[in-house]
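Working notes, structure below.
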Amino acid sequence: MNNKTSLFGIIAATAVFLFAVPALAADKFLSQGDFVGVTFWIVSIGMWASTIFFFYEGMRVSAKWRTSMVVAGLITFIAAVHYMYMRDFWVATGESPVVYRYIDWILTVPLQMVEFFLILVAAGAAVSGGAFWRLLVGTIVMIVGGYIGETNSSMVLLGFIIGMIGWAVIIWEIFRGEASQAAATKESVASAFNAMRLIVLVGWAIYPLGYVFGLMMGSVDADTLNWVYNLADFVNKILFGLIIWNAAAKDSATA
Ligand SMILES: *C/C=C(C)/C=C/C=C(C)/C=C/C1=C(C)CCCC1(C)C
């Protein structure tokens with residue numbers, strides 16, 4: 001067995017183990033009528049499958065793209081673990097798994113920002129550490145703001161404002177700032193960069209909308225909020241990784 005096959009085996013076995021153990025230990029099982037629970041389940045298995053795919057494909061692309069692929073796999077891996085807990089929490093309580101979601105976000109969303117930086121580096125674009133820090137700090141401010149509002153009923157508006165400022169910093173950086181200018185100079189990443197920043201603008205808008213309608217206006221129930229968030233995560237994490245994979249695979253084939 002060579003290194004690649006054994007690594008692949010380890011990843012697959014870990015995934016199966018992590019997936020099976022909580023399910024076997026569960027004292028409440030998914031019921032047929034639980035539509036939201038089914039979406040939790042589908043997204044959790046989707047995250048596992050994409051993790052294996054990204055890690056495996058990461059071994060095939062050229063060396064400079066490997067870090068981007070590994071990070072794409074780590075994002076879906078972290079989400080996969082959280083989704084299993086969120087799924088069980090939902091099945092057992094029928095309530096929003098807020099803490100798990102935010103822990104997932106505080107880990108995965110900064111990693112997604114790192115991806116913007118990594119693909120620019122892989123493409124050989126000139127981009128400074130400043131862009132990296134602006135993206136990273138923007139995401140942390142965004143998620144921490146949201147968590148403060150989500151967990152303190154007197155700070156719902158304040159948390160929203162802080163969160164929106166963080167998101168605005170990210171959007172500025174990838175549409176107008178240094179990162180966007182660097183991307184424009186490299187043909188091999190320009191289209192991936194473009195698609196990824198559309199995800200950040202459009203796909204991500206679902207979360208603040210959920211916050212406004214669910215938390216501030218109370219016009220969306222936990223059911224709707226959770227299946228919409230689940231769908232959003234599916235697109236924003238898996239599609240996001242697939243865009244990176246597509247750029248990496250294309251560039252590796254022509255290199
Ligand atoms: C994989 C998970 C992702 C991409 C999560 C993204 C989350 C956001 C873009 C959250 C944004 C928020 C605001 C812009 C303001 C209010 C609070 C948040 C945290 C819901």
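The values are calculated or read from the model by the stated rules, or taken from the named source; none is laboratory data. The structure presented is a predicted model; accordingly, all values stated were derived computationally and were not measured. Cβ sites come from the backbone with ideal geometry, for glycine too, and all protein chains shown count toward neighbours. Accessible surface areas use protein heavy atoms only, side chains included; no ligands, DNA or RNA. Shrake-Rupley method; radii C 1.70, N 1.55, O 1.52, S 1.80 Å.
Things to note:
- Shown are F40, F17, whose ranking by accessible area with a 1.4 Å probe and every protein chain present, most to least, is F17, F40.
- For the chain, lysine pairs separated by 8 or more sequence positions, or belonging to different chains, with Cα-Cα distances below 25 Å total 9.
- Remark: the chain is approximated by an ellipsoid whose semi-axes, taken from the C-alpha gyration tensor as √(5λ), come to 30, 26, 13 Å, largest first.
- Evaluated at q = 0.13, 0.17 Å⁻¹: base-10 log I(q)/I(0), Debye formula over Cα of segment 89-241: -0.60, -0.96
- The order of L111, L209 by accessible area, most exposed first and with a 1.4 Å probe, is L209, L111.
- Solvent-accessible area per residue, Å², over segment 3-162 with all protein chains present [probe radius 1.4 Å]: 46 Å²
- Carbon and sulfur %, accessible surface of segment 194-249 computed with the full protein complex present, 1.4 Å: 75 percent
- If you model segment 62-140 as an ellipsoid using its alpha carbon gyration tensor, with each semi-axis the square root of five times an eigenvalue, the axes come out at 31, 15, 5 Å, biggest first.
- Virtual paramagnetic centre 7 Å along Cα→Cβ of I45, amide N under 14 Å, in segment 72-111: 84
- Radius of gyration, Dmax [segment 147-225; alpha carbons; angstrom]: 15.8, 48
- Solvent-accessible ranking of D223, D233, D251, largest area first, probe 1.4 Å: D223, D251, D233
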